Amino acid sequence: MFSCCYCQQQDDHLLIRSIEKLPVHTEVINLRRLLFPNNISDIKTIDFSLAKRDEFPYMYFLINHSSQGILTIRKEIDRDELCRLRHCRCDTWCDLELEIIVDREGFNIELITIRIIDRNDHKPVFLKNQINLTIVENAPIGAMIKLEAAVDHDQGPNSIIGYSLISSKSLPFSLLYNLIRGDLSLVVEQVLDRELISSYKFDIIARDGDNQTGILHVLVTIDDINDSPPKFEQLIYVLNNISESISIDSIISRVHAIDDDDGVNGEINYYLISQDNCFHVDAVTGDIHVRCLLDYETQTIHRLEIEARDRGEGYKTDFCTVLIHVLDENDNAPIIDIYSHDIQTDMNSLTIFLNESLPINSLILSLSIIDRDSDDNARVTWKLDPLSLIPFELIRLTESTGELRTKTLLDYEHISQYNLTLEAHDHGRPFSKSTHLNVYIIILDENDNIPTFQENNMTATITEHVKLISQDGYEIFHLHALDYDHGLNGEVVYSIINNENNVFRIDSNTGIIRALIEFDKKQQDKYILQVKAQDKGQPSLSSQGTITFTVISQNEYSPECDINNNNNNISWSILENSEYGTIIGMLSCRDDDKDLPNGEISVYPQWFPEGKIDDQNKYMIPFEIMTTKSNITESTLLIIISVNGSVDREMFSFYALTLVISDHGNPSRSTNISIEIEILDENDHCPQLNIESSFIMINRDVTQSYFLINLVAFDLDIGSNGNITFELSPETSPLFTNLYPNGTLIVETDSYLITDDSLVLLHVQIRDHGQPMPCLIVETLRLFIGTNRTNWVTVAKKHNYDDRSLSLPTEGFQQGKRMAHAYSISSSSRSSPIFQFSSSISLLSARKQILLVFIGSSIIMFIVVLTMVLCFIDCVHKAAKEKKHNLAMTKANSISNNSSTPLTNTKHNFNSLSTEKKTFYKDSSSTNHYKSLIPTTKTKPITKISSSTSYSSSSIDSTTRANTAHNRAITNTFTYVALNTSDDFMPVDFDDNINSNVDDKRFELMMTTV
């Protein structure tokens, strides 16, 4: 315990010294010893107490053992707090007065003064750790800045005794501290210059008597005055190679000035003094902007005077000069100036009119070519295109001038117009510029060509005893003369020179000669006419010719054809996909006239005479018409119609043909034969399932008994070939599903065989009833069966379908509702997992999957090798069969060496075969043939099954068939592959017993989608 170390007697009271912040219960003084030092042991009955308890300053003290009189600390005494609360005078002494009641055979009051002695428990503290000061740079020496002094609550030597400056650099300041008043000042000791040093950082240290310190961080900023003018970095700025093609508002350079002042005194604005509207100086940044399009050809150098001005009071300035050298760019194309009289100009073209009688070396036009650029940009090369094969030449007089003159005579009838291009290009870099002038030279026609007959001596025949129907007579000859001139110079007028008896009349404009009498060769068998053809030019030109008319017997008979009916209508039919060269029908026609012109026959065909076909399809007629003379009589003509293209019933089911069979009489006679060719259907299309998605969601809470959906398929064939039936694969279809032949699918949703959240695969067999080979495809439907509690996405992922394939909407599924974003997975061969039960799919191990892939690959390789072997056999067989067929046709028809005269490209020469209505095939077999719908030179694979009595073949190009122009675009794309009926090639889902009653001489072609 700590006790007072000092006590002294005052006039009327005792003074006791005690240090502040003694611990509680610390003994201050023993009152018994203090008040009764001499007889302390003799006095036994004495009691001490404080006059007050909780009032100041009694609250800080307590008397323990009242008989002993030990005065202790009740509450810690903080002298600095008492001073702050002004409970004592801290400028001198902090004294606390206590009244002590002494009970000794009576009460007595003793006055005791407790003087609290200060302890150095505080260090100097500045109110702010850091201060920022500002002083102008022209402050005089001795100027002072008042600072807030540090605070130390201790007294006397424990309080602040001094300050000091701490800095790593020399400071132009000192500290002035008045200890009595406590004032602290910063004094300027040297001249300040902000341009040299703009700020000072230092620390002020306050120190008390016990060497405790406080620190203040000081930043003194020298406030600027406008005492420095701006200075440009350069007096003259030279800007070279400023492109004249630079865009407006581009920045080409920046001028910059420096002002050592600070603040507004150092802020500089730039001003353009010189008057140049093509440039602008940014007042703040000094950027020089382009404000107009520069043109080297107008001004090559621009001189700018720019002023830099600060913003301080009494601003100061500086000046600089900017020289801008504009770089010539190849921005001017060559200019072609034309000098001529008879021209018409329009932008980059001109039209010149020249008489075809213009002499050689005549001046057509003069030209000059200039380029406003400089150096290589102005060097121009020019040429005339085309320069050859024209009657003109371009003569260069200088590098930039030239003339266009004629070098040969002009001929309007040979070439009436010349389109020339005069091209001029400079040698600028990186890209040259060019100018094109289109020169159109139009040759004016002159009457320099005489009307000319094809023959000056012409012959013709006239039939005798032709009755006159009208007084205008009838046409017997068409006279024609050719005049190569244009306009009136080329218009020809016809006339008869020796028409004394008015036996003939000629149309002066058309040249048609008409007979005005009935001729009789017994009276006169020849007539000779002198005719004249004269143009309308000035002066007029003309020529003459002779026509010799020979009177022959009357053209009594019209051509006749071997047709039983009297209306000249024929109906033929042909099976679609018939091979090239297959004959559709033949006609035998004759003319009984004996005279050669009257008995000669020509055939003029017209397809779809009623215009039921567009112009594009007119050139896609798959038939060929050939004619040949019969070796029976010269007057008999054999007409043969055969296949010359791809015959497709789905494109055109019939073709209408009119044959105009005309003789060469004057006037001629003709017969019209109408032929309708019907295209018979062949089973060359397989059924197609029309469904948007193969995924079907079934909610058993909605469809509690039966779920029904109607499957729809289509087949482009007709009749039995297009008759479609549906059937479920018996090996994989569950017992709770039933598919009717018409496509109605019923699912018993209340069946105990169904488990919730399951996937059921249905393999739907869709077949037509075509003969001799029906077509079968297999489609796979995926039934997701669940309830309202089913998470369809989870079910889909469970069965290895991703989110993309099953983007399900949020609303619940209704009966028959399919996924809007689902996609259909086409059926594949039996190695595909879709032909397995759904439970097997989830249980397949990786080893089984690898085995399946290996087996599938082996089957595919076997099919490829087998197909190549069959193709080779088919090629050999076809070649032998073709050779045998040609030999048989040669023997049967006894083809002679007479040349045939086909209307189109002839493939075969045929002798006379009279027929009315018949369907022809390449061989005598009654079996129809599959064939590609598009002509191709490639050999197609053949699938054959031979028996002892018949032969059947199938040539299917499924890819070609799927890509024919007439096929519709459908949602799912399938490729059809022919499968043999052997077990090795039959998918496990096919029913081998279907159509088991088919004749053994044929086979059923089964198709599956791949």
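I want to check the label-to-label distance for D411 and V125. Put each point 7 Å from Cα in the C-beta direction and report it in nm to one decimal.
Reported label-point gap for D411 and V125 is 12.2 nm.
I'd like the carbon and sulfur percentage of the solvent accessible area for segment 560-680, probe radius 1.4 Å, heavy atoms only, ligands and nucleic acids excluded.
C and S fraction of accessible area: 44 percent.
Net charge within 15 Å of V125 by Cβ-Cβ distance, Lys/Arg positive one each and Asp/Glu negative one each, not counting V125 itself?
Numbers: positive: R84, K123, K128, R207; negative: D80, D121, E148, D152, D154, D203, D208, D210.
Overall, the nearby charge balance is -4.
If we sort 620-629, 704-713 on the protection proxy, mean other Cβ atoms within 10 Å, highest first, what's the order?
On the way: 620-629: 19.9, 704-713: 14.7.
The peptides rank, most packed first, as 620-629, 704-713.
In square nanometres and to one decimal, what's the mean projected area of the convex hull around the Cα atoms of segment 631-769?
Working: hull surface 59.2 nm².
Computed as one quarter of the Cα hull surface, the answer is 14.8 nm².
Give me the three principal axis extents of segment 231-327 from the C-alpha atoms, as integers in angstrom, largest value leading.
So the extents along the principal axes, rounded to whole Å, are 45, 22, 19.
At 1.4 Å probe radius, can you tell me the per residue accessible area of segment 91-230 in Å²?
Values: 7740 Å² over 140 residues.
With the other protein chains kept in place, segment 91-230 gives 55 Å² per residue.
Give me the extension gain from K881 to M620: residue separation times 0.36 nm, minus the current Cα-Cα distance, reported in nm with one decimal. Mind showing how you got there, number by number?
Working: separation 261, 0.36 × 261 = 93.96 nm, distance 2.86 nm.
Stretched out fully, the K881 to M620 stretch lengthens by 91.1 nm.
Could you tell me the center-to-center distance, by alpha carbons, between segment 693-723 and segment 378-397 in angstrom?
77 Å
In bins 10 Å wide, starting from 0, what share of all Cα pairs of segment 560-680 does each bin hold, as a percent?
12, 42, 31, 13, 2
How much area per residue is accessible in segment 248-304 when the probe is 1.4 Å and only protein heavy atoms are counted (Å²)?
Working: 3120 Å² over 57 residues.
The answer is 55 Å² per residue.
For segment 378-460, what relative contact order do you get, as a whole percent, if you take Cα pairs closer than 8 Å and at least 6 residues apart?
Result for segment 378-460 is 29 percent.
Among K201, K52, K881, what's the order by accessible area (1.4 angstrom probe), most exposed first?
Numbers: K201 155, K52 95, K881 65 Å².
Reading off the accessible areas and sorting them downward yields K201, K52, K881.
Under 18 Å from the Cα of K169, which aspartates and glutamates turn up, not counting those fewer than eight places away in the same chain?
E189, D193, E195, D203
Tell me which GluC sites (Glu not before Pro) from segment 708-799 have a DSSP coil assignment and no more than 14 other beta carbons within 10 Å of their own.
On the way: sites: E727, E731, E748, E779; in loops: E731.
Qualifying residues, ordered by number: E731.
Between I215 and I395, what length in nm is gained on full extension when 0.36 nm per residue of separation is reduced by their alpha carbon distance? Spell out each step's value before the answer.
Numbers: separation 180, 0.36 × 180 = 64.80 nm, distance 9.98 nm.
Gain on extension, I215 to I395, equals 54.8 nm.
If you line up the Cα atoms of segment 688-799 on their principal axes, what length do they span on each, largest first, in Å?
51, 25, 24
For segment 231-327, give the magnitude of the charge dipole about the Cα centre (Cβ charges: +1 Lys/Arg, -1 Asp/Glu; no others), in debye to the nearest 20. All intermediate terms of the calculation are to be shown ahead of the outcome.
Numbers: 7 positive and 18 negative charges, 46 e Å.
So the magnitude is around 220 debye.
Near D648, within a Cβ-to-Cβ distance under 9 Å, what is the net charge of the other residues, with Lys and Arg +1 and Asp and Glu -1? Before the final figure, lay out the partial values.
Working: positive: R649; negative: E576, E650, D684.
With Lys, Arg at +1 and Asp, Glu at -1, the net is -2.
What order do you get for 358-370, 115-127 when each peptide is scored by the mean count of other beta carbon atoms within 10 Å, highest first?
Ranking the peptides 358-370, 115-127 by packing returns 115-127, 358-370.
Quantify, in whole percent, the carbon and sulfur part of the accessible surface of segment 452-552 (1.4 Å probe; protein heavy atoms only). Please report the intermediate quantities before stating the final value.
Values: 2720 of 5870 Å².
Ligands and nucleic acids excluded, carbon and sulfur reach 46 percent.
Counting only protein chains, not ligands or nucleic acids, how are T134, T633 ordered by accessible area (probe 1.4 Å), most first? Provide the component values of the computation, followed by the final result.
Working: T134 95, T633 60 Å².
These residues rank, largest area first, as T134, T633.
Taking R0 as 51 Å, what's the FRET efficiency between D525 and L444 from their Cβ-Cβ distance, rounded to 0.05? Write down the numbers at each step before the final one.
Working: r = 50 Å, r/R0 = 0.98.
Efficiency, from the Cβ-Cβ distance: 0.50.
Leaving out ligands and nucleic acids, note down the accessible area per residue over segment 335-444 with a 1.4 angstrom probe, in whole Å².
57 Å²
If the cut-off is 15 Å between C-alpha atoms, which aspartates and glutamates fall inside it for K407, apart from same-chain ones fewer than 8 positions away?
List returned: E356, E393.
Count charges around D223 for me, please; just the other residues with Cβ under 11 Å from its Cβ, Lys/Arg as +1, Asp/Glu as -1.
On the way: positive: R194; negative: E137, D224, D261, D262.
Spelling it out: positives minus negatives among the neighbours equals -3.
With a/c under 1.5 counting as rounded, go ahead and sort segment 515-600 into rounded, prolate or oblate using the C-alpha gyration tensor (a ≥ b ≥ c being the square roots of the eigenvalues; past the cut-off, prolate if a/b is larger than b/c, else oblate). Could you put the intermediate results ahead of the total?
Values: a/c = 4.11, a/b = 1.88, b/c = 2.19.
It comes out oblate by the Cα gyration axes.
What is the count of Lys pairs in segment 452-552 whose alpha carbons sit under 30 Å apart, if the two are 8 or more places apart or on different chains? Don't skip to the end; give the middle numbers.
Values: K467/K521; K467/K522; K467/K526; K467/K532; K521/K532; K522/K532.
Going through segment 452-552 pair by pair, I get 6.
Would you kindly find the accessible area of C320, with a 1.4 Å probe and non-protein molecules such as ligands, DNA and RNA excluded, rounding to the nearest 10 Å²?
About 0 Å², rounded to the nearest 10.
If the reach is capped at under 15 angstrom between alpha carbons, list the aspartates and glutamates near K75, excluding any in the same chain fewer than eight residues apart.
By straight Cα distance, K75 reaches E20, E27, D54, E55.
Can you send over the carbon and sulfur percentage of the accessible area for segment 14-117, probe radius 1.4 Å, protein chains only?
47 percent
What is the gain in length, in nm to one decimal, between T381 and N241 on full extension, counting 0.36 nm per residue of separation less the C-alpha to C-alpha distance? All intermediate terms of the calculation are to be shown ahead of the outcome.
Details: separation 140, 0.36 × 140 = 50.40 nm, distance 2.61 nm.
47.8 nm is the gain from fully extending T381 to N241.
Looking at segment 328-429, which GluC sites (Glu not before Pro) are DSSP coil and have at most 13 other C-beta atoms within 10 Å of their C-beta?
On the way: sites: E329, E356, E393, E399, E403, E413, E423; in loops: E329, E356, E399, E413.
Hits after loop and neighbour filter: E399.
Between E727 and residues 5 or more places away or on another chain, which pairs have amide H atoms under 5 Å apart, with H built 1.01 Å from N, and which residues are they?
It is Q765, by chain and number.
The values are calculated or read from the model by the stated rules, or taken from the named source; none is laboratory data. Since the model is a prediction, treat every value here as computed from it, not as a measurement. No Cβ is skipped: glycine too gets one built from the backbone with ideal geometry, and neighbour counts run over all protein chains shown. Surface accessibility is based on the protein's heavy atoms, side chains included, excluding ligands, DNA and RNA. Shrake-Rupley method; radii C 1.70, N 1.55, O 1.52, S 1.80 Å.
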